[in-house]
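First the structure, in the form of structure tokens, and then the observations on it.
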Amino acid sequence: GPAGVRTLLQEAGPPARACADQLREPSTRACAMPPFTSSTEAVERTGGSSSWAVPDAITLAKDLAAAFIASTALSIPVTIIDKAVVENATGANTLGASMRTALVKLLTTPHKFLTSREYFVVHGVYTATYLAANWTDSVCEASSRSNKIPKLASTTLVNLGAAASKDRIFGIWFSGKPPAPFPLVSWSLFFVRDLGTMATAFSLPPAISQSMVERDYSPSTAKYVSQIAPVMAIQWLTVPLHLIAYDLYVHKLGSGRTASDRLAFLRQKYTETVGARSMRIFPAFGLGGLGNTWLRNALLGKPQE
């Protein structure tokens, strides 16, 4: 009965006792219970794990330093190779002659090489990519969240835009042709090329590494090989996109260049371009990626993996 209800409410805590007091006197008012708050709303109000946290400025600065330093070394071979590939693809120079010219410049006047416009562009691409990875790691660590999906998204978006822009700029600078608008179809081919590279770089290494460890390879060897081998292999599929993108810049659609002409161009440049672009994988995905991780851990006082 009502007496029993009042007894239970008295024992249930302050909000319920308020209702019990109302039951002692006849009233049409309903008991004023506190509004319901979901656990998600409570966490958001108290700044718990559902909120994103911003790392301190020192951590962000160290992330930037690691990305910048790691990019400094790897950008040297990547600049030489990327410029040579563009000059070879557009007919401005041969692959070997372009590389020799760049190496002579690096060895005889290193200050001119390291302050060249092409080196600055390549350095900027990898600094931006590694910085996106580092800042994503720091934000996720500060927020106690997994970094897998955010890191994949941030690095892919940054690298897609930066790498395609770099290749467009190199095409305009080093094709030996008067500067002209870069075709939209060439932009699209660069994006598809880099999507394939990034998807391969992130999706295949875990499975390959695990398989190698199961076959008694050391974890360090498995980790390195699994990062490098898939990206080198995908070059056999993406190099045609790379070459056709430049061919479309030099010989626009409607210029009279036939499909058979473009296929002949592909056959002529394909193998040597695959070799050159595979060579650049070692510094870009090996020296640079592992170096950036090592430097970040060292600067932040984290144990090395």
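What is the spin-label model distance, in nm, from ALA92 to SER255 if the labels are put 7 Å beyond Cα along the C-beta direction?
With each label placed 7 Å out from Cα toward Cβ, I get 1.4 nm.
To the nearest 0.05, what FRET efficiency results for ARG100 and TRP187 with a Förster distance of 41 Å applied to their C-beta separation?
Computed FRET efficiency for ARG100 and TRP187: 0.85.
Can you tell me which of 138-150, 159-171 comes out highest on packing, and rank the rest after it, using the mean Cβ neighbours within 10 Å?
Sorting 138-150, 159-171 by mean packing, highest first, produces 159-171, 138-150.
If you roll a 1.4 Å probe over segment 226-295 with all protein chains in place, what percent of the accessible area is carbon or sulfur?
69 percent
Sequence neighbours fewer than 8 away in the same chain don't count; with that in mind, list the lysines whose C-alpha is under 28 Å from LYS166.
In chain and number order, the partners are LYS62, LYS83, LYS105, LYS112, LYS148, LYS151, LYS177, LYS252, LYS269.
Through the Karplus equation 6.51 cos²θ - 1.76 cosθ + 1.60, θ set to phi - 60°, convert the phi angles of segment 294-302 into ³J(HN,Hα) values in whole Hz; use x for Gly and Pro.
So the Karplus estimates, Gly and Pro as x, are 4, 5, 4, 4, 5, 5, 8, x, 9 Hz.
Label LYS177 and ARG215 with points 7 Å out from Cα along Cα→Cβ: what is the distance between them in nm?
4.4 nm
Keeping every protein chain present and rolling a 1.4 Å probe, give me the accessible area per residue for segment 114-210 in Å².
Values: 4450 Å² over 97 residues.
Here the per-residue accessible area is 46 Å².
Taking the mean number of other Cβ atoms within 10 Å as a proxy for protection, how do you rank 224-236, 76-88 from highest to lowest?
76-88, 224-236
Using only the Cα atoms, work out Rg/Rh for segment 92-171, with Rh taken as the Kirkwood radius, to two decimals.
Details: Rg = 17.1 Å, Rh = 14.8 Å.
Rg/Rh: 1.16.
Taking θ = phi - 60°, what integer Hz values does the Karplus form 6.51 cos²θ - 1.76 cosθ + 1.60 yield along segment 268-285, in sequence order, with x for Gly and Pro?
The phi angles translate into 5, 9, 4, 5, 5, 6, 4, x, 5, 6, 5, 4, 6, 5, 4, x, 5, 9 Hz.
Among rounded, prolate and oblate, which fits segment 163-230 when a ≥ b ≥ c are the square roots of the eigenvalues of its C-alpha gyration tensor, a/c under 1.5 means rounded, and a/b larger than b/c means prolate? Walk me through the intermediate numbers first.
Numbers: a/c = 6.23, a/b = 3.16, b/c = 1.97.
Since a/c reaches 1.5 and a/b is larger than b/c, the shape of segment 163-230 is classed as prolate.
Calculate the FRET efficiency for THR109 and PHE282 from the Cβ-Cβ distance with a Förster distance of 22 Å, rounded to the nearest 0.05.
Working: r = 25 Å, r/R0 = 1.14.
Taking R0 as 22 Å, the efficiency between THR109 and PHE282 is 0.30.
How high is the relative contact order of segment 112-270, given as a whole-number percent (alpha carbon pairs under 8 Å, six or more residues apart)?
The normalised contact order for segment 112-270 reaches 20 percent.
Quick one: Cα centre-to-centre distance for segment 66-142 and segment 167-225, in angstrom?
15 Å
Could you please state how large a percent of the accessible area of segment 72-204 is carbon and sulfur, counting protein chains only and using a 1.4 Å probe?
71 percent
Assign unit charges at the C-beta atoms only (+1 for Lys and Arg, -1 for Asp and Glu), then state the dipole size of segment 93-235 relative to its Cα centre in Debye, rounded to the nearest 20.
420 debye
The values are calculated or read from the model by the stated rules, or taken from the named source; none is laboratory data. Remember, it's a predicted structure, so these values are computed and weren't measured experimentally. All Cβ positions, glycine included, derive from the backbone under ideal geometry; neighbour counts span all protein chains shown. Just so you know, the surface numbers come from the protein's heavy atoms only, side chains and all, with ligands and any DNA or RNA stripped out. Shrake-Rupley method; radii C 1.70, N 1.55, O 1.52, S 1.80 Å.
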